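Q: Structure in structure tokens, see below.
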Amino acid sequence: MALCSLASCASCLCGSAPCLLCGCCPSSNNSTVTRLLFSFFLLLGTLVSVIMILPGMETQLRKIPGFCQGGTTIPGIENHVNCDVIVGYKSVYRMCFAMACFFFLFSAIMIRVKSSKDPRAAIQNGFWFFKFLILVGITVGAFFIPDGTFHDVWFYFGIVGSFMFILIQLILLIDFAHSWNEVWVRNAEEGNSKCWFSGLLFFTILHYALAFAAVVLFYLYYTKPDNCAEHKFFISFNLILCVIISVVSILPKVQDASPQSGLLQSSIITMYTMYVTWSAMTNNPNRECNPSLLSLVSNISTTEAMPTSSPGMVQWWDAQGIVGLVIFLFCTFYASIRSSSNAQVNRLMQTEEGKGTVGGEEVGEDGLRRVVDNEEDGVTYNYSFFHFHLLLASLYIMMTLTNWYKPDTTTQAMQSTMPAVWVKISSSWLGLGLYLWTLVAPSFKKNAWTTTKVYDAMTSI
């Protein structure tokens, strides 16, 4: 019986997603389970990267007898492992390189898959054990890449990929805010309207209050009267842009064409923009304009704590990195379960509203609930784009864990650079532009439809 049970588990790992749920799990859609499993692969790689970048990890590994070169030895056994490569920023670069290659492979394979009847859909939704082996194999191979120029080149790949992922994060936050507002407004119309509208008002005010407090703190700690001109521009310009999108979101024409838009969404985007602004300023190599959180709490002079000319050292668990990881985890999970009704966001994320077969709960012969294949008539999301999104997420997590610092292979130090600052700031500007487009596009579309009807009526006369 034990052998039969193991054989059943093995068939699930090697087969399709519908056999992955057991009796204690709720029935779910095939598309959701597949996205969650691929996201789990990404989170597993992230966890490994976090463990290997922890301070003191190399010291602990060197204590293992017969493991690290230059570490504790065992008589008659030669230490072969270069622990300098499997810990620190080098391990993060290689782990994220492996994940990026893994998701790029599946992104290329899944191009133009239209339904679960496509033979490639079986690869997408099954064979999880073999997928895990492929990821492990690529990871092992990545650790044999010679140092050379690998880190410098991959740093720029990380910069570009992270720029694109920040935009995707913003799109997901826009979609989340739209869904949140839509659900609460619908509940207000069906039940206790005073309670639900009070909740919307409370969170809107809270988000704007947090954003305003952030702006005040930025001016206090990240600017100087006679210095930090870039920071003054970043804070002021992004604040003006956030005010503009907030005003646009409640214009009568925008509300008429898109009733679900409002200040709740704008408040969330404003708060996220302030985070990106803060994240950008923490990468400024000028330490006078970029005090560490420790120096702010301890009231230590930044010029005394770290001279401007000294190479930047990675602060593994700084505040902006932790916030970035939290937002990353939220967006990754939300991207796996989302089902949006916002046409503009669906167009940007390559998903289809209401597409796919909606099936009921499927129960197997053994009485266990199975995953429902809801993509026989058409996929609910673009397989290739989903993997490309996870590829960008791999690059983003690489840059986040290394604080966007540029590796210097000659000094083995990590240096903060201005290109990282401008990449983050420009992504916030483009992200606000995308949000503005989701606000005004429905009204333009409605005006175009009206103009077409008037023209048709005139020509018929």
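The values are calculated or read from the model by the stated rules, or taken from the named source; none is laboratory data. Source: prediction; values computed, not measured. We place every Cβ from the backbone using ideal geometry, glycine too, and count neighbours over all the protein chains shown. Heavy atoms of the whole protein, side chains included, go into the accessibility calculation; ligands, DNA and RNA do not. Shrake-Rupley method; radii C 1.70, N 1.55, O 1.52, S 1.80 Å.
Q: Kindly establish whether Trp196 is open to solvent by 60 Å² or more (accessible area, probe 1.4 Å) and assigned to a helix (DSSP H, G or I).
A: For Trp196, the condition - open to solvent by 60 Å² or more (accessible area, probe 1.4 Å) and assigned to a helix (DSSP H, G or I) - is met.
Q: Another one. If a residue has to be free of Cβ contacts under 8 Å to residues at least 24 places away in the same chain and part of a helix (DSSP H, G or I) to count, how many in segment 223-236 make the cut?
A: Adding up the residues that qualify gives 4.
Q: In segment 207-222, what residues are more than 21 Å from Asn290 (Cα to Cα) and in contact (Cβ under 8 Å) with a residue 60 or more places away in the chain?
A: His207, Tyr208
Q: For segment 189-209: of the residues being among the small types (Gly, Ala, Ser) and at pLDDT below 80, which is nearest to Leu264 (Cα to Cα)?
A: The extreme case among them is Ser193.
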